[in-house]
Amino acid sequence: NSGQGTIRNSTISFPARLASKGLCISIGAVDNYLGLAGFSSTGHLGEVTFVSPGVDIYSTFLNGQYIKLSGTSMATPAIAGFVALILATHPEIDTLEEAVSKLKTLSKSLGPLEKFGFGMPRLRPDLM
């Protein structure tokens, strides 16, 4: 949530920066129009793996409330859910690389890799 960087000056920090080494998945956030959220970090190629909605997401809050929150922390659970669905329907997948490969087949490109990664995964029963 440090804002947009450049190809030379990444704003992605640890642990998400490890995505370029294949050690994790890094999630950026998009708004309701599928544009990159202004707070979503960007950087070198391979540092953003995927994006997901992360602006004005209803979330639980203190004292039983529900409020709208924004951030990559709001975008990440959707991708975690996709990974869970993939692992549940494909027990043969047992590495992060295989899970990312499957997510790529479910993703729609939204723009440059350094900003949007491989795009936004979509639930596609025909490809699951």
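Figures for the structure shown
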read-out	value
Added length on full extension, which subtracts the Cα-Cα distance from 0.36 nm per residue, Tyr33 to Leu123	30.6 nm
Under-5 Å amide H pairs with Ser107, H placed in peptide plane, nonlocal only	Arg122
DSSP beta bridge pairing in the range 20-77, given as percent antiparallel to the nearest 5	55
Share antiparallel - DSSP beta bridges, the chain, percent rounded to 5	65
Which label in (1) 13.9, 40; (2) 14.6, 44; (3) 12.9, 38 gives the computed Rg and Dmax of the Cα atoms in Å	(2)
Expected 222 nm ellipticity per residue - DSSP helices of 4 or more, -39500 (n - 2.57), all of the chain, to 500	-7500 deg cm²/dmol
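Bear in mind that the values in this text are calculations on the coordinates, not laboratory data. Every value quoted in this text rests on a predicted model; they were computed, and no experiment measured them.
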